[in-house]
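For reference, the structure discussed in these notes is given below.
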Amino acid sequence: MTTISIIGSGKMGAAIAEVADRAGAGVQIVKRSATSPSAARPGFEYGVLGDELTGDLVVLAVPSVAYPSILEHYRDQLSKKVVIDISNPIDFSTYDELKSPADSSTAAELAKLLPEGSSVVKAFNVNLGDTLASGTNGTTPTTVLFAGDYADAKIAVTSLIEAAGMRAVDVGPLTRARELEAMGFLQIIMAALGKTSYETGFTLLK
């Protein structure tokens, strides 16, 4: 059975925990501290930052600016893990630009910091949390776009998504994470302006 560790207990972390639960995966949620707000749910394992990661897949459900502090605790443990980057590095003070390098992405920069043997997959960043928790986007199953360089890691992420009743679409190598982050940025801005709903969002129609 697939196991997944989710670092972060906010809305997106909770939504991905729902995805994993629907897929029949074991779920560990790692909070920043014992006092971090989150509703405990039966069947999930809870821990705090610094506890051992038990998942085969590790989701970083925290802002990308927190990645260096996360790696202080877990860099060695992430060796041979599939690390899922869900971030959209938006300048939330202006809602006007991405903060990732112009020729790169948060996912690509994260990959440079991880130990040999770990695999980064960019996924879930183009999805709003409500569409992951429900598994639907409007009247259609939620589509999850993802990118990565390693076939085994992509297979693991695809299996998780599809077992949760959603559609998985591989958009290519990790270099495509830049475009995914731009899509995530646009979708969040549109929802914030009321142009779209937080319960819907971008999707692909067959």
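Of the residues A133, A163, A123, which single one is farther than 13 Å from G184 by Cβ and touching a helix residue (DSSP H, G or I) at 6+ places or on another chain (Cβ under 6 Å)?
Values: A163 fails: touching a helix residue (DSSP H, G or I) at 6+ places or on another chain (Cβ under 6 Å); A123 fails: farther than 13 Å from G184 by Cβ.
Exactly one of A133, A163, A123 is farther than 13 Å from G184 by Cβ and touching a helix residue (DSSP H, G or I) at 6+ places or on another chain (Cβ under 6 Å), namely A133.
Here is a list: D51, D21. Which entry is part of a loop (DSSP other than H, G, I, E, B) and over 21 Å from A192 (Cβ atoms)?
Details: D21 fails: part of a loop (DSSP other than H, G, I, E, B).
None of the other options fit; the residue is D51.
Out of the residues in the stretch 142-182 that are surrounded by fewer than 23 Cβ atoms within 10 Å (Cβ to Cβ), among the β-branched types (V, I, T) and free of Cβ contacts under 8 Å to residues at least 60 places away in the same chain, state the one that is nearest to G24 (Cα to Cα).
Within the stretch 142-182, the match that is nearest to G24 (Cα to Cα) is T158.
Tell me, which residue of the stretch 143-163 that is of a type outside the set (A, V, I, L, M, F, W, C) and out of contact with any strand residue (DSSP E or B) (no Cβ under 6 Å at 6 or more places or on another chain) is nearest to D85 (Cα to Cα)? Show your work before the answer.
Here is the first cut: in the stretch 143-163, the ones of a type outside the set (A, V, I, L, M, F, W, C) are 143, 148-150, 152, 154, 158-159, 162.
Now restrict to residues that are out of contact with any strand residue (DSSP E or B) (no Cβ under 6 Å at 6 or more places or on another chain): 149, 152, 159.
On the way: D149: 13, D152: 16, S159: 17 Å.
That would be D149.
Would you mind finding the one in L114, L71 that is hydrophobic (A, V, I, L, M, F, W, C) and closer than 21 Å to G10 by Cβ? Outline the logic, then answer.
Values: L114 fails: closer than 21 Å to G10 by Cβ.
Result: L71 is the single residue among L114, L71 that is hydrophobic (A, V, I, L, M, F, W, C) and closer than 21 Å to G10 by Cβ.
Using the structure shown, decide if G165 is more than 18 Å from I4 (Cα to Cα) and assigned to a loop (DSSP other than H, G, I, E, B). If you could, list the steps in order and put the result at the bottom.
Values: more than 18 Å from I4 (Cα to Cα): no; assigned to a loop (DSSP other than H, G, I, E, B): yes.
Criteria not met by G165.
Looking at (1) outside any helix (DSSP H, G or I); (2) over 25 Å from M190 (Cα atoms), which one does T158 not meet, given that it meets all the others?
(1)
Go over the candidates K80, K31 one by one and state the one that is over 23 Å from N127 (Cβ atoms) and either at pLDDT below 90 or not polar (S, T, N, Q) (or both). Explain how you work it out, then say what you get.
Details: K31 fails: over 23 Å from N127 (Cβ atoms).
The unique qualifying residue is K80.
Which one of these is surrounded by fewer than 15 Cβ atoms within 10 Å (Cβ to Cβ) and either under 22 Å from Y150 (Cα atoms) or among the β-branched types (V, I, T) (or both): P68, P101, P115, P42? Explain how you work it out, then say what you get.
Working: P68 fails: either under 22 Å from Y150 (Cα atoms) or among the β-branched types (V, I, T) (or both); P101 fails: either under 22 Å from Y150 (Cα atoms) or among the β-branched types (V, I, T) (or both); P42 fails: either under 22 Å from Y150 (Cα atoms) or among the β-branched types (V, I, T) (or both).
Exactly one of P68, P101, P115, P42 is surrounded by fewer than 15 Cβ atoms within 10 Å (Cβ to Cβ) and either under 22 Å from Y150 (Cα atoms) or among the β-branched types (V, I, T) (or both), namely P115.
From the list A23, A14, which one is under 15 Å from L132 (Cα atoms), at pLDDT below 95 and surrounded by 15 or more Cβ atoms within 10 Å (Cβ to Cβ)?
From the options A23, A14, the qualifying one is A14.
Of the residues in the stretch 145-155, how many are outside any helix (DSSP H, G or I), aliphatic (A, V, I, L, M) and in contact with a Ser or Thr (Cβ under 9 Å, 6 or more places away or on another chain)? Step through it out loud before you land on a result.
First, the residues of the stretch 145-155 that are outside any helix (DSSP H, G or I): 145-150.
Now drop any that are not aliphatic (A, V, I, L, M), which leaves 145, 147.
With in contact with a Ser or Thr (Cβ under 9 Å, 6 or more places away or on another chain) added as a condition, the list becomes 147.
Selection size over the stretch 145-155: 1.
Could you tell me whether the stretch 126-136 includes any residue that is touching a Leu at 6+ places or on another chain (Cβ under 9 Å) and under 25 Å from K31 (Cα atoms)? Let's see the steps before the verdict.
The initial filter retains those residues of the stretch 126-136 that are touching a Leu at 6+ places or on another chain (Cβ under 9 Å), namely 126-127.
With under 25 Å from K31 (Cα atoms) added as a condition, the list becomes 126-127.
Yes: the stretch 126-136 contains one or more residues that are touching a Leu at 6+ places or on another chain (Cβ under 9 Å) and under 25 Å from K31 (Cα atoms).
Might you check whether a residue that is closer than 25 Å to E179 by Cα and of a type in the set (S, T, Y) occurs anywhere in the stretch 26-34? I'd like the intermediate steps shown before the answer.
Initial filter on the stretch 26-34 (closer than 25 Å to E179 by Cα): none.
The answer is no; no qualifying residue exists.
The values are calculated or read from the model by the stated rules, or taken from the named source; none is laboratory data. For clarity, every value in this text was computed on a predicted model and none was experimentally measured. When we count neighbours, we look across all protein chains shown, and the Cβ atoms used for this are built from the backbone with ideal geometry, even at glycine.
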